[in-house]
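Notes follow the structure.
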Amino acid sequence: MQFAIMFDTHVDKWDLIRYAEELGYDRAYVPDSHMIWSDCYVTLGLAAVNTRRIKIGTGIAAPGTRIPPVTAHSIASINQLAPGRVFLGIGSGHTSMRVMGQNPVSIAEMREHVRVVRALLHGQEVDYEYRGKTRPITFIHRDRHFVNIDDPIPIYIAANGPRAIELAGEIGDGWITTTAQPRDARVWTEHLVAGAKKSGRAIPMNFHRSFVTSACVLRSGEKLSDDRVIDETGSQVTCVLHLIYEVWNYLGRKDEIVPPYFANVWEDYVKRVEGYPAKTRFRHIHDGHCTYLQPEERRFVTPEAIAEITISGEPDYIVSRIRAMEAEGFNEVTLLPPADYQRKVFRDFAEQVMPAFR
């Protein structure tokens, strides 16, 4: 089992990746969401030249905001600074698109984006359509090492829905998802395998599977309802809450979409959202996204939601949760704590949980 960090992309927080390296983490994911955070590639560049071991990459890159040649060139530039330590996480752009009032990209759009990016990263010439004109493109000036595509850059697909998970199985070198529950992982893996079969392959032995969550290492006697626990997990819980609202609203407000752990707060949350001006509601919904817990949303962070979405508990309990996901084929857990508690969460986890796996 490997361990990774993810954080709100801040150009001044590159040192958080070096800190994670010192704590023994294996990988650092830097999200690409331009309307709420700093540029992910600037942050990765600073981390690249100030670390030596930890693997670094996007978590996740957004096809809807960068054309494929730019995505390929950006991650290959980071690979020039940290050769062989770089990966590309890519997804539909849930937040990066929604905070502009747009829908995430389609499966077809993501497939095409990955097709072009992968070919370029493999040093191939690939037909690329832009503004109605298709031309064969490839990197030139390879001998001058503006970018590094000699060291392989794996592509991990971020996916939660069935079709996107199938795409990860079909074309990905890995899969990033958000469930921390083995029962979900078991069902979702069936979609992964189905996608692989579409492309005539089995899931490779080295296929990367990471689940993104948060964690609070409880001390003896602490409860999930305690303020400290809510502080350290709340932004992850409300991130899921915001996503479920978006899906619920997009699919016609079918209440069966609402999970049981949000059932008791759902009506109250919908009233809160619909109190925002309709024209800018898309911005307000994601205020604080994976950065901080909005004070007005603290009441929605219930013990039931914390237990379902995160892996919080005393060390032995957290270890058992990770082992259960490991049994379902996952080989990495990625922690995404709120901005004000990142170093503490990463340190507690490294000191009290990770030794059980070393």
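Key figures for this structure:
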item: Summed residue charge, Cβ within 14 Å of ARG135's Cβ, Lys/Arg positive, Asp/Glu negative; result: -1
item: Gain in span if fully extended, ARG343 to ALA278, counting 0.36 nm per residue against the direct Cα distance; result: 19.7 nm
item: Potential extension, SER106-ASP287 segment - 0.36 nm per residue separation minus Cα distance; result: 62.7 nm
item: Coil-residue trypsin sites (Lys or Arg not before Pro) of the range 139-218, DSSP, other Cβ within 10 Å capped at 15; result: ARG201
item: Prolate/oblate/rounded label for the range 204-262 (Cα gyration tensor, a/c 1.5); result: oblate
item: Rel. contact order, % - alpha carbon contacts under 8 angstrom, at least six apart, the range 274-358; result: 34
item: Efficiency of FRET between ARG115 and VAL247 - r from beta-carbon atoms, R0 35 angstrom, step 0.05; result: 0.85
item: Amide H contacts of VAL212 (H built 1.01 Å from N, under 5 Å, at least 5 apart or other chain); result: THR177, THR178, THR179, THR334
item: Hydrodynamic radius of the range 303-358 per Kirkwood, over alpha carbon pairs, in Å; result: 12.1
item: Set of aspartates and glutamates near LYS254 by C-alpha distance (under 19 Å), chain-local residues within fewer than 8 positions excluded; result: GLU246, GLU267, ASP268, GLU274
item: FRET E, pair ARG219, ASN264, Förster distance 41 Å, beta-carbon r, rounded to 0.05; result: 0.90
item: Mean separation of Cα contacts under 8 Å, 6 or more apart, over the residue count of the chain: relative contact order %; result: 19
item: Candidate lysines for bridging to LYS13, where Cα separation is under 20 Å - those fewer than 8 sequence places away on the same chain excluded; result: LYS55, LYS344
item: Whole-number percent relative contact order across the range 85-175, with pairs defined as alpha carbons under 8 Å at least 6 apart; result: 30
item: Max mean-square fluctuation residue, GNM over the chain, Cα-Cα springs under 10 Å, options ALA72, ALA61, ALA202; result: ALA202
item: Separation of the ASP227 and ARG18 label points, Cα + 7 Å toward Cβ, nm; result: 3.4
item: Nearest-0.05 FRET efficiency for VAL11 and GLU351, computed from C-beta distance (R0 22 Å); result: 0.20
item: Distance in nm between pseudo-label sites at ALA202 and LYS271 (7 Å out along the Cβ direction from Cα); result: 5.5
item: Label point distance in nm, ILE67-ARG142, each placed 7 Å from Cα along Cα→Cβ; result: 2.2
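We did not get these values from a lab; they are worked out from the coordinates using the rules stated. Since this is a predicted model, take the numbers as computed values, not measurements. Cβ coordinates were reconstructed from backbone atoms using ideal geometry, including for glycine residues, and neighbour counts include every protein chain displayed.
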